[in-house]
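Structure record follows, encoded as structure tokens.
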Amino acid sequence: MSRDHAQSAEHAGAEVAGAALTGGPAADSAPTGAETPFLELLARGASADAYEQPVLVARAEGRPAEAIAALEHAKLLALRVRAELEGRRRREAELSALFETAHDLAGLRDLDSVLQAIVQRARSLLGTDVAYLSLNDPDRGDTYMRVTEGSVAARFQQLRLGMGEGLGGLVAQTARPYVTDDYFKDGRFQHTNTIDTGVRDEGLVAILGVPLMLGHHVIGVLFAADRRARVFEREQIALLGSFAALAAAAIDSANMLGETRSALAELERANEIIRDRSAVIERASDVHDRLAELVLRGGGVHDVAAAVSQVLDGTVEFTETVDTPPAPLETSRAEGHAVRHEDDWIAAVTAGGELLGALVLRGHPGLDPVDQLTLERAAMVTSLLLLARRSAAEAEQRVRGELLDDLLDARDRDPRLLRERASRLHADLDATHVVLAARLDAVAPDADQEAEARRRLWSAASHLAATRHGLAAARDGGTVLVLPLIAGDTATELARRTARQLGTAVHEAVTVGASGPVEDLAAHPDTVAAAYAEGRRCLDALRLLGRSGDGAAAEDFGFLGLLLAGDRDIAGFVDRTIGEVVAYDERRGTDLVRTIDAYFTCGMSPARTKDALHVHVNTVAQRLERVGRLLGDDWQSPTRTLEIQLALRLHRLSTRH
């Protein structure tokens, strides 16, 4: 409201006061002069308590009863005028606040700012400690806090109320205002622990809530609340309802503006697509021409990656399967499309279901469908180039296999000729090597599928051998590889890595057994056959121990490697020997197996065993007594101890992963 309007209201109030106290139309009696002090109190806007002072002074001075009665009468009239003036001022302030809020709504730019202003003004005009506004969430079927003013409790500011829960939930459900002068003593509302805890944290007692309506639908609730008991008057409920209507209008306007902006944005995007379409077509044509030229002039996979990098304005690399995250690579292979992984895009390079590698677009999280298709076509061209290279490489693989066959079988070959043949294949027979025996774990349902599986394993092993400057050949239903041992590497690590790489390449579990390091293969070719036999024993041991799909070397088994060769019932032996103890540990969560192992390691000394296990010697004695009851009294006899120690070692190997 403007200042002129406010001044007019003050003048009107003064006229009302004068008329009431000096005998005008509003006066109840003729003027007596008693009204003068009360006019002064009205003029300076004194509190209601101050109006008692003139009467008290008159009584103290001993004035006549008629004068005191006149003062009492004037006081009552003055208080009525004061209440009328206060009511007018309040209504003027309310109208002014509503007018300003409507003005803010007319120039709506920021919904949050408008809702915050509504809540602030509602709190100020109603004189409450807290005001807040909640909105309904149709997806979750509840209502949540959107704006608060005067709130100090974080939990209260994050409250969500189910429909019908608490005062606000009931307002949202019934579309009617609700008020309570003491929330926790009011049984009309469905109290929940979450809501009551939030209200108690905020310290609220009296609460008024009115619905925010759009047509016949409730979209939220506007609240005013005090931290003390209070009765909200009808006029205050109506005022809060007016603010709620403005808040609903603001939300509706914001929603319409948002929809309009979204529609405009969609139109703009459509225009951009139309404008860019011709450029996209030209770029796709350019990609096609470049890739076709690469194929015709015999380019390689890295040439394809470089060409696509220029077109997609990013860095495209060809990676092998072991260097690519397995999950997105498998998804791309299965779906036949490029997939996003973090900030990269991965397109599997496949041929006949076999993974040959991947094209990876680095650091390019945003990719439109046309660019994605470009990357996928480049992956297809890459697979064709790799197949062409493979057809040329298969001859080399056969040569590698023949050389390895000669190392295994023809032990009277000239070492000089063997070195020359290996040199042409970029292999160095004078380096330290490890001989590995690899075999597929699964058994194919028929002979044709079994042969195809073995062929894929040989192909993958040959490719691995070529990239690692080694040799590979198909033998004994599996594959044998001779790979150089890199400095700092071990035969065990090489076996496990080879099992993973071959398994990834053929999509099946591959078990790999490795020999110890061997040297000077050309001068002593008989060592290759011996190393291969050692690798096969390790392979058999892994499978007997239930570790198919893993890799290990002879150094992992020691003398047990000799015992595990052949078809032996390892699991049955372990179960018969220490099965009762293992089962007891599994049922009770005890540690008897480790105790027996430490007992034998410490030379069957309970004192040293308790130090190794960091327990009391009585604990060791109790555990060994339990072992005796499970295994029999003769479990520490020489014959039984050898069997038990062997079973413990086998159990440890079979559970190691």
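Each value in this text was obtained by applying a stated rule to the coordinates, not by laboratory testing. Predicted model only: the values in this text are computed from it and were never measured. We place every Cβ from the backbone using ideal geometry, glycine too, and count neighbours over all the protein chains shown.
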| Listed highest first by mean packing, meaning other Cβ atoms within 10 Å per residue, what order do 434-443, 75-84 come in? | 434-443, 75-84
| remark: Taking Lys and Arg as +1 and Asp and Glu as -1, residues besides TYR584 with C-beta under 11 Å from its C-beta add up to +1
| remark: Distance in Å, no decimals, from the C-alpha centre of the stretch 163-235 to the one of the stretch 239-276 is 30 Å
| task | Could you please report the charge total around LEU71, scoring K, R as +1 and D, E as -1 over all other residues with beta-carbon less than 12 angstrom from its beta-carbon? | result | -2
| query | What list do you get for PHE232, PHE184, PHE243 if you sort them by fewest beta carbons within 10 Å? | reply | PHE184, PHE232, PHE243
| query | So what J values fall out for the stretch 133-145 if you push phi through Karplus, 6.51 cos²θ - 1.76 cosθ + 1.60 with θ = phi - 60°, rounded to Hz, Gly and Pro as x? | reply | 9, 10, 10, 6, 10, x, 5, 9, x, 9, 10, 10, 5
| said: Please list, by residue number, every one of the trypsin sites (Lys or Arg not before Pro) in the stretch 157-200 that is coil in DSSP and has at most 12 other beta-carbon atoms within 10 Å. | reply: ARG188
| field | Alpha-carbon centroids, the stretch 526-554 and the stretch 310-359: separation in whole Å | value | 34 Å
| request: Provide the packing ranking of 168-179, 42-53, 636-647, i.e. peptides ordered by the mean count of other C-beta atoms within 10 Å per residue, highest first. | output: 168-179, 636-647, 42-53
| Most positive-pole-ward Cα, PHE232, GLY166, GLN116, against dipole of the stretch 107-259 from beta carbon charges | PHE232
| request: Check each of the chymotrypsin sites (Phe, Trp or Tyr not before Pro) in the stretch 482-560 and keep only those in coil by DSSP with at most 16 other C-beta atoms within 10 angstrom; list them in order. | output: PHE559
| remark: Plugging the Cβ-Cβ distance of VAL231 and ALA69 into 1/(1 + (r/R0)^6) at R0 = 30 Å yields, to the nearest 0.05, a FRET efficiency of 0.35
| message | Give the residue list of GluC sites (Glu not before Pro) in the stretch 191-247 that are DSSP loop and have at most 13 other beta-carbon atoms within 10 angstrom. | response | GLU233
| field | Cα centroid separation - the stretch 471-514 against the stretch 596-654, whole Å | value | 37 Å
| task | Would you mind ranking LEU267, LEU386, LEU521 by Cβ crowding within 10 Å, fewest neighbours first? | result | LEU267, LEU386, LEU521
| remark: For HIS216, HIS651, HIS191, ascending order of other Cβ atoms within 10 Å (fewest first) is HIS216, HIS191, HIS651
| note | Applied in sequence order to the stretch 240-251, the curve 6.51 cos²θ - 1.76 cosθ + 1.60 (Karplus, θ = phi - 60°) yields integer Hz couplings, x standing for Gly and Pro, of 5, x, 5, 5, 5, 4, 5, 4, 4, 5, 4, 5
